[in-house]
Amino acid sequence: MSFRRAIKSAIFLFLFWLILTGNVEFSNLFLGLVCSFLVVIAAHGLLKENIGLEETPIVLIRFILFMFWLIIEIAKSNIDVAERVLNPRLPIEPAIVKYSCHLKNDDHQTLLGNAITLTPGTLTVDIDESGVYYIHCLADKHAKDLMERKLEGMVTWVFKGVKG
């Protein structure tokens, strides 16, 4: 990683720190700056290859929008799972579903797998080398929702235009 790129990464992380803390006291600013540089140094291998700084701002904005969308999906799934648990007439049909993913990048596949697991009613059990996911679904509805590929489409959108 070039020195210039490391500085840009540290500044980006520092600004993120300021947004999260909202505190502009000297001790907080100093701690944020030190932590930002330590993260850049510690994550050198990750930042070197996986994050293109040219694309980072747009990817970050898309990622934040993705997280808001995911939170809404998680809330809807929470309601569905709670209804299934509380209402014995609603079917619970656990099954392992084989899901072929079109994402090629390991980071993108990891984000998809984690998003699937975070959504109540689904759990990523395994991902094989060819990008096939094995997902435990609580009910048939969850498997059908998964096969609509909406979640994979959102992950693709987050990283649209990024190499890898």
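Here are some notes:
- For region 89-101, backbone phi angles converted through the Karplus equation (6.51, -1.76, 1.60; θ = phi - 60°) give residue-by-residue couplings of 6, 7, x, 10, 10, x, 7, 9, 10, 8, 10, 8, 9 Hz, Gly and Pro being listed as x.
- From helices alone, the chain scores -20500 deg cm²/dmol at 222 nm; the rule is -39500 (n - 2.57) for each run of n ≥ 4 DSSP H residues, then divide by the residue total.
- Ranked order, 137, 35 - accessible area, probe 1.4 Å, largest first: 35, 137
- Ranking by accessible area, most exposed first, for 73, 129, 93 with a 1.4 Å probe: 129, 93, 73
- Rounded to the nearest whole Hz, the Karplus-based 3J(HN,Hα) values (6.51 cos²θ - 1.76 cosθ + 1.60, θ = phi - 60°) of region 17-25 follow the sequence 4, 4, 5, 5, 8, x, 10, 10, 5, with x at glycine and proline.
- At q = 0.16, 0.17, 0.20 Å⁻¹ the log10 of I(q)/I(0) for the chain amounts to -0.98, -1.04, -1.22, computed by Debye summation with a single uniform scatterer per C-alpha, solvent ignored.
- The phi-based Karplus calculation (6.51 cos²θ - 1.76 cosθ + 1.60; θ = phi - 60°) puts the 3J(HN,Hα) values of region 65-74 at 5, 4, 5, 4, 4, 5, 4, 5, 5, 5 Hz, whole numbers, x for Gly and Pro.
- In degrees, nearest ten, helix 106-118 long axis to first principal axis of the chain (Cα): 50
- Amide H within-cut-off set for residue 97, under 5 Å, with H built and near neighbours excluded: 135, 136, 137
- Basic side chains Lys and Arg get +1 at the Cβ, acidic Asp and Glu get -1 at the Cβ, and with that the dipole of the chain about its Cα centre reaches some 360 debye.
- Only one residue of 100, 7, 31 has its Cα farthest out toward the positive end of the dipole of the chain, where Lys and Arg carry +1 and Asp and Glu -1 on Cβ, and that residue is 7.
- Cα long-axis angle, helix 26-42 against the chain (0 to 90 degrees, to the nearest 10): 70
- Over 19 Å between alpha carbons, listed pairs 76/104; 76/144; 98/141; 76/98; 104/144: 76/104; 76/98; 104/144
The values are calculated or read from the model by the stated rules, or taken from the named source; none is laboratory data. Predicted model, so just to flag it, every value in this text is computed and none were measured. Cβ coordinates were reconstructed from backbone atoms using ideal geometry, including for glycine residues, and neighbour counts include every protein chain displayed. The accessibility values were calculated without ligands, DNA or RNA, using every heavy atom of the protein model including side chains. Shrake-Rupley method; radii C 1.70, N 1.55, O 1.52, S 1.80 Å.
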